[in-house]
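Some notes on the structure that comes next.
The values are calculated or read from the model by the stated rules, or taken from the named source; none is laboratory data. As the structure is a prediction and not an experimental result, all values here were calculated from the model. Positions of Cβ are generated from backbone atoms using ideal geometry, with glycine treated the same way; all protein chains shown enter the neighbour counts.
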Amino acid sequence: MKKIIAIVVAFVVVIGGVIGFGMMKKTGNKTANIVKIGGVFDTSGNVSAYGQAEQKGANFAVKHINAAGGVKVDGKTYKFKMVNKDSKSDNTEAASVTTNLINNNQVNAIVGPVVTSAVQAAIPSATKGKTPVISPTAGADSITVQKNGTVQPYIFRAQFKNSYLGTKMAKFATDTIKARNVIVFQDNSSDYGTGITAAFKKAYTGNIVETDSYQAGDTDFQAMLTKIKNKKFDAIVINGYYTEAGAILKQARDMGIAVPVIGPDGLGDPKLAEIAGNKNTSNVYYAAHFSTKALSTDAAKTFVKSYRKDYQQEPSQFTALSYDAVYMIKQAIEDEKSIDKAKITAGLAKIKNFEGTTGKMTMDKFHNPKKSIVMVGVQNGKDTTATVVK
Amino acid sequence: MDKAHIKYTLSWATLTLMIIILIFVMTMFGIIGPYGMTTIVLIGINLIAAVGLNLVIGMSGQFSLGHAGFMAIGAYATALIVTSVPTIFGFIISLFVGAILSGIVALIVGIPTLRLRGDYLAIATLGVSEIIRILIMNFKITRGPAGIFAIPAFVNWQVVFGLGVLSIIIVVNLVRSPTGRAIIAVRDNEIAAESLGINTTKYKVIAFVLGAILAAIAGGLRASFIQSVSPQDFTFMQSITILIIVVLGGIGSISGTVLTAVALGILDVVLQNFGSLRMVVYAVVLIIVMLFRPQGLLGRSEFSLKKMLFDSGGDHDKGRSKDA
Amino acid sequence: MIIQQLINGMILGSVYALLALGYTMVYGIIKLINFAHGDIYMLGAYFGYFFLRVLHLNFFIALIFSMAICAVLGMLIEFIAYRPLRHSPRIAVLISALGVSFLLENGMSYLFGSDKRSFPQAIKTIQYHFGSLQISNIQIIIITTAIILMILLNIIVKKTKMGRAMRAVSADEEAAILMGINVNRTISFTFAIGSALAAAGGMLIGLYYNNIDPLMGMTPGIKAFVAAVLGGIGIIPGAALGGWLIGILETMTQAVGLSNYKDAVVYAILIIILLLKPTGILGKNKREKV
């Protein structure tokens, strides 16, 4: 009986403690002079290659902003601070991390998540927490649109939307490459691959000889390539990321398939040529936000230069997009003269002629940046041409 | 029902009530914010799935690596039904539909494959789970790799807590029923059980189907709580996550499963800040726990209120009593 | 074209077979699904990368070094993470193996980043054409290595003293101890051989596909495990057979236009085979003792 009494007493004490603690707790003041940016990046798990690149880009941007004196609002100077949390390539975790950043870390805005499905999972938390979320690389058209057709108020992206990419790639294939018959390979494990393929198919006027799928993580594409080898086609479209595209490119060239290869911005990483080999990375065209060959904006020039200096390597599209996402938040703060979450949200929606590393962009009414696509041509592993697709 | 039994049942009920009051009070005074709530709900969902898997692995001794597939069925059933019927009734119906569908699939899969032993069964269930995921990824209605989002939310911690308690009650009572005794007999010695006239396949299938149903309910809850589903949520790694909860808690110990689900949920909160070091820490924790407690935190024994409150003296740890 | 696809399947299958051999050996002796096996294969590739890119060694010397280091690592892993659990429930060792696998994958990813790296092309790819058929020297190397290693393994297991000890431990550990066999040493030896094989596989694959990353062992690891089970786990020729079968199945499903359902078809056939032959294709139906 003693034990029972002890437990009841303990329980009452705990509840009392909780109540007491709750009464004493005051809403703490936010740390002054700091703009906190939450980073939801997959730094572990199967998309960690992209997550780590984007985290690097965001941190790099914050470093630059602070080195340049932070952001001035009404005579007050704010420094930026990244609060990065790992979402381990898991959608549930992305939702949980977003909630954590909004409620416990009290961030002013969030950069991330990396992929479409993780952004979808983060939408409810962002909406409940009334916090702007800007995803560097999520492509699905649907993520910035609510079910009733109005805009998703707190979700933004720095990336092209998939349908835009697919359409422009189709135009490029017809107009510039003059391809009448194409083969399409798609990464079937992400919306990025299937979404672009769907848009490409819709917009392409030529003949699609064959569509084949692969999974992220696949390394062997012999069967897929052998199957199409003897068919008649003028170009191959690879809708996926550089990791698999590099391997496809190598194996295709080894097999003697020399036709042009067209891909979305997922191919825009220096690793593409490393994986495929410089010799094999010829006659490749990918949709880019910027090209180290033809830098469109001043921001891009400074970015590429200082990135090379700091990391001794070429930046990828992933790093650049994430870098831009942070700068877009800075722009929104300057435009609205406030670091308030609602103001940043409003500011992001009104971004106009913003000069980022990935081009000059204006937010459309569905929070997609309007910027021109540059189709970069690669010969011998080096960017050689840059064609703007109107 | 004898008097002692009522006493134990009451004390468990009181404990549950205490936890409910504690959570209520803590939310009221803002000690548990939205993030704490998310964590609690996710722990509860993993718990329901893990209790189901413990029934399959712990009680009937069948090594299944396919739990994610059944969670996927439940999740997509809820996602599809609730998006077209966005009411609480739609949600309840969707949970039932998911559970029944998952049960049927488990039945179809279970009857032939549960003849397989050990690792062969593991591979077969892994295969089934992957097949389910690949089908979902390619079907039009499930909207491919992007999955479904903007699913209406009907799940809060009360719902998950209630269903969690309910699933524990069902499993614990099943284990103590004649059916449960038969299931455990099959685990402990299949041949002996068979020679006593127990239809081993039947009992294995019962455990397997019930496990699948609980997995589907966990999946449905998650779909409505996170408000989005995608095929990537239900890979082999998801099955492993649930498996780890079961093994770490002690195979066959329901209270062990509860404890580990909570502990791992809290560990996850801490590890979010570790960036790419996160999984390294997790891996080390996993290895160390296994090296020092190979039988899991509680082994096969259960945390017993009866012993804690009503027994005096004696050695509490040795017993394997499943009473109270 | 069918013949070309069969060749493709054989090559892919050889990759799985190389890995499946290690799985099967370890399983045969301590009944453990060694989830970390795929990651040893990854480590082998990374050591190869280091020796070739940083130290500029000859490919075959690098191969031997990498195999030796991974053999030691394999023994070390067994000693730290599996040996203390020798008499624990099998599932505890399984979780410990999962832990080791997570540790290796994420440790490498933490230390060296999770991005892909291009593997040094130490051997130049040469394409040979036979009519419409095409095969490269590296593909030939992979197939022949797989076959040679398999024959070698069979000789070790069947003819040497250590091999006999391995079979004895696998058959009955208690009896093996009574016969004066050092069980610990035998198990260590098994891990050493299995890991060395995986390392060789990792380097060959690195060379063939030209890229390596910390998670490269994950999918092939699961596939190889499936292959080992399909062939009859614990049986060395079974692993090879299972590997080739899965390789050819995967290739053929793609050839007939089911690329979306590639893995689903493979798993479905696997389940059917297991239902017909519950212990794998070459598995013997052991009578269970009462």
| task | Kindly indicate the residue of region A:271-293 that is surrounded by fewer than 23 Cβ atoms within 10 Å (Cβ to Cβ) and out of contact with any Asp or Glu (no Cβ under 8 Å at 6 or more places or on another chain) and also nearest to the other protein chains (Cβ to nearest Cβ) among those meeting that condition. | result | A:Glu274
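Please tell me if A:Leu321 is in contact with a His (Cβ under 7 Å, 6 or more places away or on another chain) and touching a residue at least 60 places away in the same chain (Cβ under 8 Å). So that I can check it myself, show each step before the final result.
Working: in contact with a His (Cβ under 7 Å, 6 or more places away or on another chain): yes; touching a residue at least 60 places away in the same chain (Cβ under 8 Å): yes.
So A:Leu321 passes the test.
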| 3 or more residues farther than 30 Å from C:Leu282 by Cα: qualifying helices (runs of 4 or more DSSP H) within region C:1-117 | C:37-49, C:59-77, C:90-112
| said: Please go through region A:243-258 and give me each residue that is touching a residue at least 60 places away in the same chain (Cβ under 8 Å) and either at the interface with chain C (Cβ under 10 Å from one of its Cβ atoms) or in a loop (DSSP other than H, G, I, E, B) (or both), ordered by number. | reply: A:Thr243
| Among (1) assigned to a helix (DSSP H, G or I); (2) within 10 Å of another protein chain (Cβ to nearest Cβ); (3) under 18 Å from the mean Cα position of the chain (by Cα), where does C:Leu241 come up short? | (2)
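Could you list, in sequence order, the residues of region B:145-183 that are within 14 Å of chain A (Cβ to nearest Cβ) and of a type in the set (S, T, N, Q)? So that I can check it myself, show each step before the final result.
In the first step, residues of region B:145-183 are kept if they are within 14 Å of chain A (Cβ to nearest Cβ); the result is B:145-157, B:160.
Matches in region B:145-183: B:Asn156 only.
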| query | Do we have any residue at all in region B:90-112 that's within 14 Å of chain A (Cβ to nearest Cβ) and either part of a helix (DSSP H, G or I) or more than 30 Å from A:Gly20 (Cβ to Cβ) (or both)? | reply | no
| message | Among the residues in region A:222-235, are any within 8 Å of chain C (Cβ to nearest Cβ), buried (at least 22 other Cβ atoms within 10 Å of the Cβ) and charged (D, E, K, R)? | response | yes
| message | Residues that are touching a Phe, Trp or Tyr at 6+ places or on another chain (Cβ under 8 Å) and modelled with pLDDT under 85: does region C:234-242 have at least one? | response | yes
| task | Look through region B:258-283, keep the residues that are within 14 Å of chain C (Cβ to nearest Cβ) and among the polar types (S, T, N, Q), and return whichever of them is farthest from the chain's Cα centre (by Cα). | result | B:Ser276
| said: For C:Phe225, only one of the following conditions fails: (1) in contact with a Gly (Cβ under 7 Å, 6 or more places away or on another chain); (2) closer than 24 Å to C:Arg167 by Cα; (3) aromatic (Phe, Trp, Tyr). What is its number? | reply: (1)
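Could you identify the single residue in C:Ala200, C:Ala122 that is assigned to a loop (DSSP other than H, G, I, E, B), more than 30 Å from C:Met1 (Cβ to Cβ) and in contact with a helix residue (DSSP H, G or I) (Cβ under 6 Å, 6 or more places away or on another chain)?
Details: C:Ala200 fails: assigned to a loop (DSSP other than H, G, I, E, B).
After ruling out the rest, the residue left standing is C:Ala122.
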| task | Tell me, yes or no, whether region B:273-293 has at least one residue that is modelled with pLDDT under 90, part of a loop (DSSP other than H, G, I, E, B) and surrounded by fewer than 20 Cβ atoms within 10 Å (Cβ to Cβ). | result | yes
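Could you check how many residues of region B:16-62 are part of a loop (DSSP other than H, G, I, E, B) and either touching a Pro at 6+ places or on another chain (Cβ under 8 Å) or crowded, with 24+ Cβ neighbours inside 10 Å (or both)?
To start, the set of residues in region B:16-62 that are part of a loop (DSSP other than H, G, I, E, B) comprises B:29-33, B:60-62.
Narrowing further to those that are either touching a Pro at 6+ places or on another chain (Cβ under 8 Å) or crowded, with 24+ Cβ neighbours inside 10 Å (or both): B:60, B:62.
Of the residues in region B:16-62, 2 are part of a loop (DSSP other than H, G, I, E, B) and either touching a Pro at 6+ places or on another chain (Cβ under 8 Å) or crowded, with 24+ Cβ neighbours inside 10 Å (or both).
Would you say B:Gln232 is over 16 Å from the mean Cα position of the chain (by Cα), within 12 Å of chain A (Cβ to nearest Cβ), farther than 16 Å from B:Val41 by Cα and not in a strand (DSSP E or B)? Let's see the steps before the verdict.
Details: over 16 Å from the mean Cα position of the chain (by Cα): yes; within 12 Å of chain A (Cβ to nearest Cβ): yes; farther than 16 Å from B:Val41 by Cα: yes; not in a strand (DSSP E or B): yes.
Here the answer is yes, as B:Gln232 does meet what is asked.
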| query | What pairs come up if the first residue lies in region C:266-279 and is farther than 16 Å from C:Ala227 by Cβ, the second is part of a helix (DSSP H, G or I), and their beta carbons are under 9 Å apart, counting only those six or more places apart or on different chains? | reply | C:Leu275/B:Pro112; C:Leu275/B:Thr113; C:Leu275/B:Ala124; C:Pro278/B:Tyr120
| task | For region A:171-189, name all the residues that are surrounded by fewer than 24 Cβ atoms within 10 Å (Cβ to Cβ), closer than 15 Å to A:Tyr286 by Cβ and not aliphatic (A, V, I, L, M). | result | A:Lys171, A:Phe172, A:Thr176
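Going by what's in this entry, would A:Asp218 be described as in contact with a strand residue (DSSP E or B) (Cβ under 6 Å, 6 or more places away or on another chain), within 14 Å of chain B (Cβ to nearest Cβ) and at negative phi?
Details: in contact with a strand residue (DSSP E or B) (Cβ under 6 Å, 6 or more places away or on another chain): no; within 14 Å of chain B (Cβ to nearest Cβ): yes; at negative phi: yes.
So A:Asp218 fails the test.
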| task | Kindly list, by first and then second residue, each pair from a residue in region B:170-181 that is assigned to a helix (DSSP H, G or I) to a residue that is surrounded by fewer than 16 Cβ atoms within 10 Å (Cβ to Cβ), limited to pairs with Cβ atoms under 9 Å and residues at least 6 apart or on different chains. | result | B:Val175/B:Arg181; B:Arg176/B:Asp323; B:Gly180/B:Asn173
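Just give me the residues in region B:189-203 being away from chain C (no Cβ under 14 Å), in contact with a helix residue (DSSP H, G or I) (Cβ under 7 Å, 6 or more places away or on another chain) and either part of a helix (DSSP H, G or I) or charged (D, E, K, R) (or both), in sequence order.
The answer is B:Tyr203, and nothing else.
Being crowded, with 20+ Cβ neighbours inside 10 Å and either without any contact (Cβ under 8 Å) to a residue 12 or more places away in the chain or not charged (D, E, K, R) (or both) narrows it down to one of B:Gly110, B:Gly162, B:Gly197, so name that one.
On the way: B:Gly162 fails: crowded, with 20+ Cβ neighbours inside 10 Å; B:Gly197 fails: crowded, with 20+ Cβ neighbours inside 10 Å.
Among B:Gly110, B:Gly162, B:Gly197, only B:Gly110 is crowded, with 20+ Cβ neighbours inside 10 Å and either without any contact (Cβ under 8 Å) to a residue 12 or more places away in the chain or not charged (D, E, K, R) (or both).
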